Amino acid sequence: MNTYCYVASASIGVLAFILDCGTIISLSQLHGAESLTQVYMKALDLYRDNPDLPVLGYDDGCHLRRFAELRQSLTQETKAFWEQHGRFIVVDRYHFRNHKKSHKYCQDHCNPNQVQSIDGANSQICEQSFRWLSRFRYSMIHMTFAHFAFFLLIMAARRNSILAKKRSK
């Protein structure tokens, strides 16, 4: 069972949600620079459609969690997201070591070491997945938006298939 869902962006302008087993469950293109608004809206959509997704790890999880907390009273949807998932946004272990010990909110609410359900989860899966995807960056540079999106979806499906076969052995 997957205990962790990671979100990360690649330098090619892609936002990905990846389970700790390596399965890519969502890919979307970023509009401009990565922002908390874009990450939050994508997480809101993803978790609304998949309410059983696990803890969400993000390199800037403390700011994303606070962002979600401050927006919980806007609509029923944002309130439901906060109650079901927002409280379970943490900084992924790979990036947590760089978060200041003096940042009380981050240490108290976003520390992945305080969440037993994610012990042993692969917290570097996004970096591993983007390293794999970066092999194709020179092929993607000159693609139109439609070709780029299609290529990403095909490659994600292919990677998911390969990983599923490895896990079933």
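Values quoted throughout were computed directly from the atomic coordinates according to the rules given, and no laboratory measurement underlies them. This one's a predicted model, so the numbers in the text were calculated from it and none came from an experiment. Backbone-built Cβ (ideal geometry, glycine too); neighbour counts: all protein chains shown.
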Exercise for the section: Calculate the length of the line joining the C-alpha centroid of the stretch 18-32 to that of the stretch 101-157, in whole Å. Expected result: 6 Å
Exercise for the section: Quick one, could you list the DSSP H helices from the chain stretching 18 Å or more along their long axis (Cα atoms) with average Kyte-Doolittle hydropathy of -0.5 or above? Expected result: 36-49, 145-168
Exercise for the section: Describe numerically, in nm with one decimal, the distance between label points set 7 Å from Cα along Cα→Cβ at HIS31 and at ASP108. Expected result: 3.5 nm
Fill in the blank from the handout: Taking a straight Cα-to-Cα line shorter than 17 Å from LYS42, and setting aside same-chain lysines fewer than 8 residues away, one finds LYS79
Practice task
Show that you can apply the helix-only estimate: for the chain, add -39,500 (n - 2.57) for every DSSP H stretch of four or more residues, divide by all residues, and state [θ] at 222 nm to the nearest 500.
Solution key: -14000 deg cm²/dmol
Fill in the blank from the handout: So, with points 7 Å from each Cα along the Cβ direction, the LEU163-MET41 label distance in nm works out to 2.6 nm
Handout entry: At R0 = 45 Å, FRET efficiency that the Cβ-Cβ distance of ASP119 and ALA146 yields, to 0.05
Key = 0.60
Fill in the blank from the handout: Binned at 5 Å starting from 0, the alpha-carbon pair-distance distribution of the stretch 4-168 in whole percents comes out as 1, 9, 18, 20, 20, 15, 10, 5, 2, 0
